[in-house]
Amino acid sequence: MTKKISILVNDFEIEATLLEDKCPQTCAKIWESLPLKGKAKIYKEEIYFDIPIEIEPENAIPNTEQGDISYWPEGPAFCIFFGDSQPVSPVNTFGKIEEGIEKLQQVEQGDKVTVRKSPSGQEL
């Protein structure tokens with residue numbers, strides 16, 4: 001079964017699918033650390049927050065697409081790309097949002113973000 005995570009901000013929730021074939025170690029470490037909580041920082045069209053997890057670069061890439069969920073090794077930070085902006089340095093892209101990405105435009109600096117295992121994507 002494909003693992004999924006839920007991202008909760010304000011009054012909405014968005015689901016993302018983990019890309020275990022692309023970044024298996026990053027996915028495993030993030031999954032084991034859930035739930036994660038932080039205060040949103042905004043950089044152009046990216047939401048990110050610091051997380052207490054250290055993961056080495058794994059298939060790190062300098063470019064992202066709208067809907068990518070990435071780990072930024074230099075942060076270390078959890079990053080959600082909801083527009084055309086790009087990371088300042090390579091990231092481990094380990095997840096993808098398929099629906100509801102437009103809701104992230106409402107997020108403001110300091111909003112509480114919670115990432116947890118999605119009930120629809122947990123292994124039984």
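Charging the Cβ of each Asp and Glu at -1 and of each Lys and Arg at +1, and nothing else, the dipole of the chain about its Cα centre rounds to 340 debye. Springs between Cα atoms under 10 Å define the GNM used for the chain, and in it the highest mean-square fluctuation of Ala28, Ala60, Ala16 occurs at Ala28.
Around Glu65, with a cut-off of 11 angstrom between Cβ atoms, what is the net charge of the other residues, counting Lys and Arg +1 and Asp and Glu -1? List each step's numbers first, then the result.
Values: positive: Lys96; negative: Asp68, Asp84.
Combined, the nearby Lys, Arg, Asp and Glu give -1.
Rounded to the nearest 500, the 222 nm mean residue ellipticity of the chain from helices alone is -2500 deg cm²/dmol, with -39,500 (n - 2.57) taken per DSSP H run of at least 4 residues. Near the amide H of Glu45, within less than 5 Å, lie the amide hydrogens of Ser85, all on another chain or at least 5 residues away, with H placed in the peptide plane. Amide H to amide H, with H built 1.01 Å from N, Phe94 comes under 5 Å of Ile69, Ser70, Tyr71, counting only residues 5 or more places away or on other chains. In this label model, Thr2 and Asp84 are separated by 2.7 nm, measuring between points 7 Å along each Cα→Cβ vector. Between Glu74 and Asp111, full extension at 0.36 nm per residue minus the direct alpha carbon distance yields a gain of 11.1 nm. Taking 14 Å as the straight-line reach from the Cα of Lys41, the aspartates and glutamates in range (excluding those fewer than 8 positions away in the same chain) are Asp50, Glu108, Asp111. For region 18-30, the Karplus equation 6.51 cos²θ - 1.76 cosθ + 1.60, evaluated at θ = phi - 60°, returns couplings of 6, 9, 5, 6, 8, 9, x, 5, 5, 4, 4, 5, 5 Hz by residue, with Gly and Pro reported as x.
Within region 11-27, whose backbone N sits under 17 Å from a point 7 Å along Cα→Cβ of Asn59? The answer is 17-27. Compute the separation of the alpha-carbon centres of region 49-124 and region 21-38 and state it in Å as a whole number. Cα centres, region 49-124 to region 21-38: 11 Å.
Along region 65-82 the Karplus relation, 6.51 cos²θ - 1.76 cosθ + 1.60 evaluated at θ = phi - 60°, assigns HN-Hα couplings of 10, 4, x, 6, 10, 9, 10, 9, x, 6, x, x, 8, 9, 10, 10, 9, 10 Hz to successive residues, with x for each Gly and Pro.
Would the chain count as rounded, prolate or oblate if I go by the C-alpha gyration tensor, calling it rounded below 1.5 in a/c and otherwise prolate when a/b exceeds b/c, oblate otherwise? Intermediate results must be reported in sequence, preceding the final value.
Numbers: a/c = 1.38, a/b = 1.06, b/c = 1.30.
Rounded is the answer for the chain, as its axis ratio a/c remains below 1.5.
Comparing Gly110, Gly95, Gly38 in a Gaussian network model of the chain, where Cα atoms under 10 Å apart are tied by springs, the biggest mean-square fluctuation is seen for Gly110.
No lab work stands behind these numbers, since they all come straight from the coordinates. Because the structure is a prediction, the values reported are computed rather than measured. Ideal geometry is used to build each Cβ from the backbone, glycine not excepted, and the neighbour counts take in all protein chains shown.
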